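In what follows, a single structure is set out as structure tokens and then discussed.
The values are calculated or read from the model by the stated rules, or taken from the named source; none is laboratory data. These figures come from a predicted structure and were not determined experimentally. Note: ideal-geometry Cβ built from the backbone for every residue, glycine included; neighbour counts use all protein chains shown. Calculation scope for accessible area: heavy atoms of the full protein, side chains included, ligands and nucleic acids excluded. Shrake-Rupley method; radii C 1.70, N 1.55, O 1.52, S 1.80 Å.
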Amino acid sequence: CYERNFNADFENGKTALLHFGAVDHDAEVWLNGTFLGSHSGGYTPFCFDVSDILKNGANKLTVYVTDEFRTDSVRGKQIWDGEPWGCHYSAVTGIWQEVWLEFTGGDYITDVNFVTDFDAHSVTAEITFSRKLNGFISADISKNGENYMSLRQSVNGRTAKILIAFEDCGVKDKEVYTWSPAHPNLFDVTLSLETENGTDTVETYFGMRKISTAGDKFYFNNSQLYSRMVLDQGYWTEGIYRPADDDGFREDVEWTLKLGFNAARKHQKIEDPKYYYWADRLGLIVWGELPSFYGFTDYACADAENTMREFIERDKNHPSIAAWVPFNESWGLRSLLGDSRQADAARELYYLCKRMDPSRLVSTNDGWENIFPTDICSVHDYRSFSEKLTEYYSDTSFFDTGAARTGHPYLVPGEKYSGQPVMLTEFGGKRIEGSDGWGYDLPIESTEKYLAEIKSDIDNILKTSSFCGYCYTQLTDVYQETNGLLFMDRTPKADAEKITEIFKKNPQK
């Protein structure tokens, strides 16, 4: 149970909204003794209209949280029984993101969705309001503090659309106006709603970019891009799911870029929005992954569906996010060969993602037992990449021969590979001798040999013609799993410049 007394200065005619960033796992909320409602799900936000309950002056907020550590809830890498073990770490429970009050106009903007049409050089702002209303909506769009355009139109209903059109200025100017890792251009937007009940104003931003595939290649803004990803689990010694201060989110993005990567797979965690904000600002591509459940039940499927939906609703406007990952390595789907409902559950989340957000790719079940439909066929293999393994993966007939290390087939039996991009989305996991904990192979006796083995892996992977990207495990140590490029305190295990030299390389054309 959490309780807090606070003072509020509430202006009549305004709307007061009480926001929760994330509470793990089930929350019931009271304000001044009045029950506001509940929310289930440990990673996504919720809010309540408290305009009729909030008092000028003293108020009391009470939150009851239940976290049963059940295996059929969306929990990611959090343990559910006993002590941390293997790749499962300390559990998180309770309020782990911010709680805040927002004061809006009497009528207010509840949501905006930026839909980019890269090829038509336009962005449509789809805006939702608190009720059906009449009035005006205006948008002031600026870049680097300078006004780019201002638009104003009437509103008659619950929603409105504003078309933001760009001139087709050619390649050079696209580098000025579009978002990419090399040029993370963002447009700041101020939206103002004017009605008989006053004015409500919100500030936001968008980036114009396109994510697509053609044949077996991955494209970003219609140019082929090789994905040099790192696995990032987002754990800190100070606060488990949170760094000591908000600078920690920015620093992790900066470390990822500094070490030569152009993308991160946020593994088994829906990250605090501050991380995605810095990925947008600094130019890091991110894969957004749903934390797994482990027991297949109707409750698990509902929890996963609700969390995936709320994940996309919260983060759909981050230009840095390029893909959604509903499932990983068949976790929670342990009987795909004997229970058709489990494959159907994965397909259900694929279609949910595509319905809500057709602009991004979906890796339906990442790692092995790839389930169709999927936009990416993924491979996990923690063996060292010898020339023999490179040759094995250079022909996509490997999809018919089974999965390395686990014995799981790469495709669910009955599925046929049909030319999707192939990515090595987990490999590496190397650790230096003397580190406590574990890695995916025998410990390496020196820093020099550690770097040499990683370089050998990367050199061979870059020669593997069927791969259009990789994801190295991992950015940092996480408790007992000591195979990070950085220690858990974010200090590098080897010369950072030497690490960068390894991971900044692309395949030779």
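In segment 104-115, is there at least one residue being part of a strand (DSSP E or B), over 30 Å from residue 27 (Cβ atoms) and at pLDDT 95 or above? There is at least one residue in segment 104-115 that is part of a strand (DSSP E or B), over 30 Å from residue 27 (Cβ atoms) and at pLDDT 95 or above. Do we have any residue at all in segment 450-471 that's in a loop (DSSP other than H, G, I, E, B), of a type in the set (D, E, K, R) and surrounded by fewer than 16 Cβ atoms within 10 Å (Cβ to Cβ)? No.
Figure legend. Inter-residue proximity from segment 247-258: first residues under 15 Å from residue 320 (Cα atoms) and open to solvent by less than 10 Å² (accessible area, probe 1.4 Å), second residues assigned to a helix (DSSP H, G or I) and of a type outside the set (Phe, Trp, Tyr), beta-carbon distance below 8 Å, spacing 6+ or different chains. Indicated pairs: 249/274; 253/279; 253/282. Out of all the residues in segment 259-295, which are under 14 Å from the mean Cα position of the chain (by Cα) and either open to solvent by 10 Å² or more (accessible area, probe 1.4 Å) or among the polar types (S, T, N, Q) (or both)? Residues satisfying the conditions are 268, 273, 274, 277, 278, 292.
Residues of segment 218-227 being small (Gly, Ala, Ser) and surrounded by fewer than 23 Cβ atoms within 10 Å (Cβ to Cβ), which ones?
The initial filter retains those residues of segment 218-227 that are small (Gly, Ala, Ser), namely 223, 227.
Within segment 218-227, 223 is the sole residue that qualifies.
Restricting segment 1-58 to residues that are at pLDDT 95 or above and of a type in the set (Phe, Trp, Tyr), the residue that is farthest from residue 80 (Cα to Cα) is 6.
Go through segment 316-355 and give me each residue that's open to solvent by less than 50 Å² (accessible area, probe 1.4 Å) and more than 24 Å from residue 423 (Cα to Cα). Those that are open to solvent by less than 50 Å² (accessible area, probe 1.4 Å) and more than 24 Å from residue 423 (Cα to Cα): 317, 339. In segment 330-348, the residues that are in contact (Cβ under 8 Å) with a residue 40 or more places away in the chain reach residues that are in a helix (DSSP H, G or I) and small (Gly, Ala, Ser) with C-beta atoms within less than 7 angstrom, at least six apart or across chains, in these pairs: 332/300; 336/343.
On the basis of being closer than 16 Å to residue 398 by Cα and open to solvent by less than 10 Å² (accessible area, probe 1.4 Å), does residue 413 make the cut? Criteria not met by residue 413.
Does segment 370-402 hold any residues that are under 20 Å from residue 231 (Cα atoms) and of a type outside the set (Val, Ile, Thr), and which are they? Matches in segment 370-402: 370, 375, 377, 378, 380, 381, 382, 383, 384, 385.
When the test is whether a residue is β-branched (Val, Ile, Thr) and not in a strand (DSSP E or B), residue 256 passes it. Listed by first and then second residue, the pairs with beta-carbon distance under 8 Å, at least 6 apart or on different chains, first residue in segment 15-41 and within 13 Å of residue 60 (Cβ to Cβ), second of a type in the set (S, T, N, Q) and open to solvent by less than 10 Å² (accessible area, probe 1.4 Å), are 31/59; 32/59. Among the residues making up segment 228-238, those that are touching a residue at least 60 places away in the same chain (Cβ under 8 Å), open to solvent by less than 40 Å² (accessible area, probe 1.4 Å), of a type outside the set (Asp, Glu) and out of contact with any Cys (no Cβ under 7 Å at 6 or more places or on another chain) are 228, 233, 235, 236.
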